[in-house]
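**Student:** This structure is in structure tokens; I'll ask about it shortly.
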Amino acid sequence: MTEVTEEAVNITAAKPVIEDRIYVGNLDYKATEEELRQLFSDLKVTDVEIPFKERTRDDQTFKLHLGFAFVQFENKEEADKAIANYNGQKLQRRIIFIKKAVPPPTEEEKLIKIEAYKAKREEYQNAKKLKKKDAKRGKEGFAEGNDENGISGGGAKSKSKLVNGNHAPEGEKSTDTIFVTNLDYKVNVKVLSKVFEELKPKWIHVPIRKFYKKRETFDAPRRPLNRGIAFVKFSDEETQKKAVAEFNGKEVRGRKMIIDYAVNSKVPDKDGENEGEEEGEGEGEGEVEIEEEGHEEGGEGEEKVEQNGKESTTN
């Protein structure tokens with residue numbers, strides 16, 4: 001708590017109460033003076049005041065009540081009875097609370113309260129900016145692709161874990177598969193096959209975005225977009241390391257690829273046993289095995305597609 005805020009609290013606490021006057025809080029904005037007099041009809045009320053502000057709109061002036069009121073009684077005893085009998089009662093749509101009123105603040109006290117409000121608001125804004133800055137740092141940490149041990153995660157699930165600042169994906173570093181991020185969203189298997197052609201990858205997996213709403217149009221079907229990531233599997237660890245060393249930072253369609261080693265996550269099978277599997281595999285539209293013979297750019301060769309354990313050949 002700042003010094004200005006403490007001073008404002010001390011001023012409020014030090015003010016003496018007015019023994020024969022009460023403050024009615026949480027008052028319905030449509031409540032009237034007549035309704036308050038009716039509420040305290042069995043007590044000796046001398047005055048009722050409902051503070052308001054005037055607002056002008058289209059040459060018309062409106063009185064807007066502020067949600068509280070003051071009621072003056074003949075003596076202290078009547079005010080005490082009002083607190084004892086009516087505090088917590090319902091008036092129109094709201095439960096009111098009642099306490100002894102205090103004298104109105106002086107101009108100096110008003111200034112102190114205003115400064116206290118500004119200080120509290122500034123403190124809140126600074127905390128909000130700091131939180132936003134920390135969140136941005138977390139995202140930048142993920143973009144670099146490395147955790148404290150120098151091992152990167154893979155797949156959409158791993159991305160969410162790192163952005164939230166929890167932990168990197170669990171599992172051992174893969175010895176034959178790389179994880180590619182920062183891809184152009186139109187890059188597909190054919191493009192990456194051409195990029196890694198000299199290393200002869202065994203298969204390439206490019207997860208596809210899921211479209212939950214069908215487009216009702218007579219135009220040509222929309223080309224599916226990827227999630228900005230991919231997995232490429234090679235024949236051995238030596239080729240995998242060569243891919244990371246030579247292709248990390250390589251530009252493909254205007255974006256520099258970020259390449260790191262994939263992580264073998266633990267995925268339970270139907271029998272409850274765990275099997276090692278690259279993080280992110282199985283998410284998307286299936287894997288594409290690259291045939292060493294007959295594969296040409298532009299789709300003239302054949303691609304062998306595995307999907308849900310079945311094979312089909314597309315021309």
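The values are calculated or read from the model by the stated rules, or taken from the named source; none is laboratory data. All values reported here derive from a predicted model rather than from experimental measurement. All Cβ positions, glycine included, derive from the backbone under ideal geometry; neighbour counts span all protein chains shown.
**Student:** If you go through segment 223-241 one residue at a time, how many are surrounded by 15 or more Cβ atoms within 10 Å (Cβ to Cβ) and under 15 Å from Glu197 (Cα atoms)?
**Tutor:** Selection size over segment 223-241: 6.
**Student:** Is at least one residue of segment 145-164 of a type in the set (Asp, Glu), modelled with pLDDT of 85 or more and touching a helix residue (DSSP H, G or I) at 6+ places or on another chain (Cβ under 8 Å)?
**Tutor:** The answer is no; no qualifying residue exists.
**Student:** Another question, then. For segment 222-243, enumerate the residues that are part of a loop (DSSP other than H, G, I, E, B) and without any contact (Cβ under 8 Å) to a residue 24 or more places away in the chain.
**Tutor:** Selection gives Arg222 alone.
**Student:** Okay, moving on. Within segment 80-99, can you find the residues that are over 20 Å from Ala31 (Cα atoms) and either of a type in the set (D, E, K, R) or in contact (Cβ under 8 Å) with a residue 12 or more places away in the chain (or both)?
**Tutor:** Listed by number, the residues that qualify are Asp80, Lys81.
**Student:** What tally of residues in segment 79-98 results from selecting those that are closer than 20 Å to Lys15 by Cα and out of contact with any helix residue (DSSP H, G or I) (no Cβ under 7 Å at 6 or more places or on another chain)?
**Tutor:** Qualifying residue count for the region: 4.
**Student:** Additional query: Determine, yes or no, whether Glu122 is without any contact (Cβ under 8 Å) to a residue 40 or more places away in the chain, within 41 Å of the chain's Cα centre (by Cα) and in a helix (DSSP H, G or I).
**Tutor:** Criteria met by Glu122.
**Student:** Which ones in segment 95-112 are crowded, with 16+ Cβ neighbours inside 10 Å and at pLDDT 90 or above?
**Tutor:** Passing the criteria: Ile96, Phe97, Ile98, Lys100, Ala101.
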